[in-house]
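See below for the structure under consideration.
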Amino acid sequence: MAKGLTLKNVVVRKDGHTLVAVDHHIAPGQVLTLMGPSGSGKSTLLSYITGTLAPAFRAEGRVLLDGADVTETAPHKRHIGILFQDDLLFPHLSVGANLAFGLAPGGSRAERAEKVAEALMDVGLDGYADRDPATLSGGQKARVALVRMLLSEPSALLLDEAFSRLDAGRRAQVRSFVFDRAKAKNLPVLMVTHDADDAEAAGGHVISLASATPHDVAP
Ligand code: ADP
Ligand code: MG
């Protein structure tokens, strides 16, 4: 069984036109980048992979995680983590409570608090558990969002223009942070972006999606 994330002849259509077509395997620890302009179907492809495709689309092809077909699996049971550009932390919860939200259910209160504290330490935010998310910098928020996602122990990571709201300095920093973590956890990563710097920083295979113009009419 091939470890990693496999997209087997995945085709997403809208109004009879092919929006995106991908046939690719992403091995653990590797990054595949899909580059395409706004409207080219990047987020839509990711929604198919997470099992949340909007009714306006039709899709076919299989999604496999570590060799297991999850195409028909309920979204929350797929163990696929996704980060968006505006990965909002819950404003009414502390940083620690935001992280606890990512934890799988179970364990005592103390065990959960311990996991959260460890995760914070791991990302250089030791002692931040009681902080209001509003008091964090953009880069710190991005790190907390990543850690919350990793605490859910995903088997694959999807990045939907996850870095595009960060300023140039922070962007490179958060980006390498995310890629380092994903590599350390041996996760396959699928990143979609319109930014060539993101693609280069990923250091993996890059596929360019066609423009948003319909280029194929289904039979
Ligand atoms: P990207 O992420 O590359 O910017 P999207 O996947 O968001 O592109 O959108 C692809 C196309 O599908 C666009 O033309 C967009 O307007 C359309 N679209 C996106 N979401 C929906 C939806 N929920 N229902 C109908 N059309 C949508
Ligand atoms: Mg998008």
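If the condition is being of a type in the set (D, E, K, R) and surrounded by fewer than 19 Cβ atoms within 10 Å (Cβ to Cβ), then the stretch 4-22 contributes K8, K14, D15.
Considering every residue within the stretch 61-71, establish whether at least one is open to solvent by 30 Å² or more (accessible area, probe 1.4 Å) and within 16 Å of ligand 1 (Cβ to nearest atom). No, the stretch 61-71 has no match at all. One residue stands out in the stretch 23-57 among those that are part of a helix (DSSP H, G or I) and in contact with a strand residue (DSSP E or B) (Cβ under 7 Å, 6 or more places away or on another chain): the one that is surrounded by the most Cβ atoms within 10 Å (Cβ to Cβ), namely L45. Limited to the stretch 68-99, what total is found for residues that are assigned to a helix (DSSP H, G or I) and either among the acidic types (D, E) or within 19 Å of V116 (Cα to Cα) (or both)? Residues that pass the stated criteria total 5. Output the residues belonging to the stretch 102-114 that are free of Cβ contacts under 8 Å to residues at least 24 places away in the same chain and buried (at least 17 other Cβ atoms within 10 Å of the Cβ). Result: R112, single match. Here the condition is being under 30 Å from R13 (Cβ atoms) and among the aliphatic types (A, V, I, L, M); of L146, L103, L64, it holds for L64 alone. The set of residues in the stretch 76-101 being open to solvent by 60 Å² or more (accessible area, probe 1.4 Å) and out of contact with any strand residue (DSSP E or B) (no Cβ under 9 Å at 6 or more places or on another chain) consists of H76, K77, D86, L88, F90, P91, H92, F101. Counted as qualifying within the stretch 116-210 are the helices (runs of 4 or more DSSP H) with 1 or more residues that are touching a Leu at 6+ places or on another chain (Cβ under 7 Å), namely 138-151, 168-184. Exactly one condition in (1) closer than 30 Å to D132 by Cβ; (2) within 16 Å of ligand 1 (Cβ to nearest atom) is false for L89; which is it? Checking L89 against (1) closer than 30 Å to D132 by Cβ; (2) within 16 Å of ligand 1 (Cβ to nearest atom), the one that fails is (2). Condition check: touching a residue at least 12 places away in the same chain (Cβ under 8 Å) and open to solvent by 30 Å² or more (accessible area, probe 1.4 Å). Does D122 satisfy that? Yes, satisfied. Just one of the listed residues (T44, T50) is within 16 Å of ligand 1 (Cβ to nearest atom), modelled with pLDDT of 95 or more and touching a Lys or Arg at 6+ places or on another chain (Cβ under 7 Å), namely T50.
Against the definition (within 18 Å of the chain's Cα centre (by Cα) and more than 16 Å from ligand 1 (Cβ to nearest atom)), how does Q30 come out, yes or no? When the stated conditions are applied, Q30 passes them.
The values are calculated or read from the model by the stated rules, or taken from the named source; none is laboratory data. No experiment lies behind these values; they were computed from the predicted model shown. Because the Cβ atoms are built from the backbone with ideal geometry, glycine has one as well, and the counts that use them run over all protein chains shown. Remember, those area values only see protein heavy atoms, side chains included, never the ligands or the DNA or RNA. Shrake-Rupley method; radii C 1.70, N 1.55, O 1.52, S 1.80 Å.
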